[in-house]
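Following: one structure in structure tokens, then a few remarks.
The values are calculated or read from the model by the stated rules, or taken from the named source; none is laboratory data. Bear in mind that the values here come from a model prediction, so they are computed numbers and not experimental data. Glycine gets a Cβ as well: all are built from the backbone with ideal geometry, and neighbour counts include every protein chain shown. Note: accessible area is taken over every heavy atom of the protein model, side chains too, but ligands, DNA and RNA are not part of it. Shrake-Rupley method; radii C 1.70, N 1.55, O 1.52, S 1.80 Å.
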Amino acid sequence: MSALLVTGDRDQDAGVRALTVAEYRSFLAGRADVSFLQCPSWAEVKDQWFSERVGWSLDNGELAGAAQILYRQFPGTRKYFAYLPEGPVADWADPEMDRWLGPLLRHLRRAGAFAVRIGPTPAYRRWDAARLKASTGAGRRVGDVLATEVDPLGSAVAERLRTRGWKRCGGDDGDADAQPRHVFRLPLAGRGTDELWAGFNQEWRRNVRAADRAGVQIVAGGARDLPEFYRLLRITEERDGFRLGRSLAYYEQQYAALNAEQPGRMRLCLAVHQGEVLAAHTMITVGRRVWYQTGASADHRREVRPSNALQWQMIQDARALGAEVYDMRGVPSTLDPRDRPFGLLRWKLGTGGQVVETLGEWETSMGGTTNNALYRAFQAYLARR
């Protein structure tokens, strides 16, 4: 169940304290860099975790940072693994991060956490689509290509975490990260529809036009359409060789929770041809960011290109909502056309955006013999999965 974990009184020396949902939402409302995974509604989706929201103040007493923390109990103990997906929501540019990170860790230790995983939000490296398309080849990976841009803040944050004993999860490719380390983002700020269309490669423009000629219609779905979305998702998983492992009930809970928090936060978009839904994609909006979260499509009539048409409409909708970034979520790190996952990267590259390597997820033990032993056991469990 998702419920507030009772963790004790306010940390007087650092100003770390539990926040009500209303206080927490008020703080998030003033930030442009918040992930949907840090919204209170996401804790309702993760119903096998306990949750709480905390905030901290610095010099002037105003709330300076906050975090939604998910706790998973280690079986047979009263200890927890603490997880802050794509969080905390903090000033990562602060060179004195110990001012808030130290008190946050003390809070987690008192809450019974044996280890914690965080997801710092700064980017690390970026590659333009054109550079990656020109660099494909046997055995090639994104990391082999000189980045278009290296974010100095991301590099600084990574070094600061390393010097404090944090370890980056998942090695070079982030295979052990719960959230994708390599994501694909299409910048929208200051760009009109014509400029976005011009950024598509010829194949994408041809496919969108083909869908229009074939009479593909893009319509808004609703909760009643989730079973059809899920049916198409299972087809997609089998065709493309992956398994998300989610149930229909999971998506129904996600849709209900996110839209109860803010109407229209999660949308289901459908591509319909001759009365049949051929593709269904979900999108999530928080502040000035929009995420394309999950896509599903049928095996037949693929020649009418429903997914391309659907994405083009979703990109235009995101721009109309005032989004500055359209985040198409995870992409594989392979640049080898022979690798099956490369097809997903190739498809997203056609929109003309960027592959962004985030800092990924970082972990540390809370220290002490018992916590260290539990952390080693937890890592061994993850390695066997």
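When peptides 277-287, 152-162 are ranked by their average number of other Cβ atoms within 10 Å per residue, the highest-first order is 277-287, 152-162.
Ellipticity at 222 nm from helices only: DSSP H runs of n ≥ 4 in the chain, each -39500 (n - 2.57), divided by the residue count, give -10500 deg cm²/dmol. For the stretch 62-67, putting each phi into the Karplus relation 6.51 cos²θ - 1.76 cosθ + 1.60 with θ = phi - 60° gives couplings of 6, 4, 10, x, 7, 7 Hz, in residue order, rounded to whole numbers and with x for Gly and Pro.
Of all the options A271, A210, A90, the one that moves most in a Gaussian network model of the chain with Cα springs shorter than 10 angstrom is A210. For a straight C-alpha distance cut-off of 24 angstrom, the lysines reachable from K167 (same-chain residues fewer than eight places away being disregarded) are K79. The convex hull defined by the C-alpha atoms of the chain has an orientation-averaged projected area of 19.5 nm².
The Cα center of the stretch 61-113 and the Cα center of the stretch 230-295 differ in position by 30 Å.
Per-residue Karplus couplings for the stretch 239-253, computed as 6.51 cos²θ - 1.76 cosθ + 1.60 with θ equal to phi - 60°, are listed in order as 5, 9, x, 9, 9, 6, x, 9, 9, 4, 4, 4, 5, 5, 5 Hz, Gly and Pro entered as x. For A113, the amide hydrogen comes within under 5 Å of the amide hydrogens of Y80, counting only partners 5 or more places away or on other chains and with H modelled in the peptide plane. Within the same chain, lysines fewer than 8 places from K133 are excluded, and of the rest, those with a Cα less than 26 Å from its Cα are K348. When a 1.4 Å probe is rolled over the protein heavy atoms, the share of accessible surface on the chain that falls to carbon and sulfur comes to 48 percent.
What value does the stretch 232-347 have for Rg/Rh, both radii from Cα atoms and Rh as Kirkwood defines it? Rg/Rh for the stretch 232-347 comes to 0.96.
The phi-based Karplus calculation (6.51 cos²θ - 1.76 cosθ + 1.60; θ = phi - 60°) puts the 3J(HN,Hα) values of the stretch 49-61 at 10, 7, 8, 8, 10, 10, x, 9, 10, 10, 4, 8, x Hz, whole numbers, x for Gly and Pro. Between amide H atoms placed 1.01 Å from N, distances below 5 Å from G170 occur with A176, all of them 5 or more places distant or on a separate chain. Using the Cβ of L233 as centre and a radius below 15 Å, the other residues enclosed give a net charge of -1, where K and R count +1 and D and E count -1.
The GluC sites (Glu not before Pro) of the stretch 20-128 meeting both criteria, a DSSP state outside H, G, I, E and B (loop) and at most 15 other C-beta atoms within 10 angstrom of the site's C-beta, are E62, E96. If I model a spin label as a point 7 Å beyond the Cα along the Cα-Cβ vector, how far apart are those points for R239 and T77 in nm? For R239 paired with T77, the spin-label model returns 4.4 nm. Taking Cα centre as origin and charging only the Cβ of basic (Lys, Arg, +1) and acidic (Asp, Glu, -1) residues, the dipole magnitude of the stretch 299-385 rounds to 360 debye. Under 5 Å between amide H atoms, partner at least 5 residues away or on a different chain: which partners does Q293 have, H built in plane at 1.01 Å? Distant-sequence amide H within range of Q293: T282, M283, I284. Average accessible surface for the chain: 45 Å² per residue, computed with a 1.4 Å probe over protein heavy atoms with every protein chain in place.
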